[in-house]
């Protein structure tokens, strides 16, 4: 080693003083080289991560202690400090290393599923390193955030944008926390959406945690999808349609050849808008003639007589009957009273005209005039809905069937 020492099992030993190559630095490896005849003290290069000599490199390296038996953990070194980690094949689903690693991983891939299984034991149904996280502003969501589990974005649209543009991810997935999102969602090719997460409790997932989308008259839409895309565990509500004959769509996808999977969703479309008014019905046939008026009343004698009023006839649909005939008098008879109102909604005929005076008391006066036309009958009822008839699809839109015709209007009367 140095001329007098001998190298025994990696140490230079002096027969006289027992000297070896230990330099008293725990962060270096000590050895002797017979060929060089000298000690070699080489600093460890992995002291920040190796649990067998974990430290900062300042003579503070230690062998990290073994974890408790049965905890499914191993000793590890993180930035020069001893720590515990889950053994291979196990995960810490509850995030608490003090109680061990209780989750046995069954797969490295863990797309969200209907049974909410955390297959890779990273603490969520899904993959923390894959998903873009969305939460309402009240739970920390902000579209200026990067969309991580700790710093989610606030809108589904922003989550889709980040997932679409991200590179290096195995899959493009957006994880949406329970809450209400007032936005219309536009699906993007290959970007899947998963709801039902509880952001306030470590992003647990379950069917009772409602991620609600309240959009316009088309709440969710997609065009030109060519890759597999999934939408799972959302409540989707579309607004009522506006504009004559327009429809409301919960989810509307067209011109797409990829597989779109919709599962565990509740989808409710709003009301469609009313159709254009139908044309008016044709005019009804004219009513029949009114009945003949009653006979005139007796006239009174002399030039000073006052005529007695007589009723005209009545009619159920057309003009009123003629006024009564004038009585016998030397002066003109008074006019008959108006015709009685018809049984429908038309007005009665006009009063008959009084008879002319006769030169002699016993001459007859002429008949009163005809009553005027009756009023219009009541309108018929509105047209009825088409019932359960199914419409057609044209140019990517739903075209409903026409409504049924309205009923006929009622007869006029006079």
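So if the hydrodynamic radius of segment 123-184 is defined as the Kirkwood radius over C-alpha pairs, what does Stokes-Einstein give as its diffusion coefficient at 10 °C and 1.306 mPa s, in µm² per second? Estimated via Stokes-Einstein, D reaches 139 µm²/s. Extension gain for the segment residue 180 to residue 115, taken as residue separation times 0.36 nm less the Cα-Cα distance, is 21.1 nm to one decimal.
Between rounded, prolate and oblate, where does segment 89-225 land on the alpha carbon gyration tensor, with a ≥ b ≥ c its root eigenvalues, rounded for a/c under 1.5, else prolate if a/b exceeds b/c? Don't skip to the end; give the middle numbers.
On the way: a/c = 1.93, a/b = 1.61, b/c = 1.20.
Since a/c reaches 1.5 and a/b is larger than b/c, the shape of segment 89-225 is classed as prolate.
Counted residue by residue at 0.36 nm each, then reduced by the alpha carbon distance between them, the extension gain from residue 171 to residue 279 reaches 33.3 nm. Once the Cβ-Cβ distance of residue 104 and residue 144 is raised to the sixth power relative to R0 = 45 Å, the FRET efficiency obtained is 0.70.
Provide 48, 115 in ascending order of the number of other Cβ atoms located within 10 Å of each residue's Cβ, fewest first. Kindly include the intermediate steps, with their values, before the conclusion.
Values: 48 16, 115 7.
The order, fewest Cβ neighbours first, is 115, 48.
Segment 184-221 and segment 226-247 have Cα centres lying 13 Å from one another. If you take the square roots of the eigenvalues of the alpha-carbon gyration tensor of segment 69-147 and sort them as a ≥ b ≥ c, do you get rounded (a/c under 1.5), prolate (a/b over b/c) or oblate? Oblate, because a/c is 1.5 or more while a/b does not exceed b/c. Would segment 14-153 count as rounded, prolate or oblate if I go by the C-alpha gyration tensor, calling it rounded below 1.5 in a/c and otherwise prolate when a/b exceeds b/c, oblate otherwise? Because a/c hits 1.5 or more and a/b exceeds b/c, segment 14-153 counts as prolate. Protection proxy ranking for 248-254, 188-194, using the average of other Cβ atoms within 10 Å per residue and placing the highest first: 188-194, 248-254.
For residue 46 and residue 239, the FRET efficiency from 1/(1 + (r/R0)^6), where r spans their Cβ atoms and R0 equals 60 Å, is about 0.50.
Segment 107-135 and segment 83-99 have Cα centres separated by 17 Å.
Coordinate-derived values only; no laboratory data. What you see is a predicted model, and the numbers here were worked out from it, not measured in a lab. With ideal geometry, Cβ positions are generated from the backbone for all residues, glycine too; neighbour counts draw on all protein chains shown.
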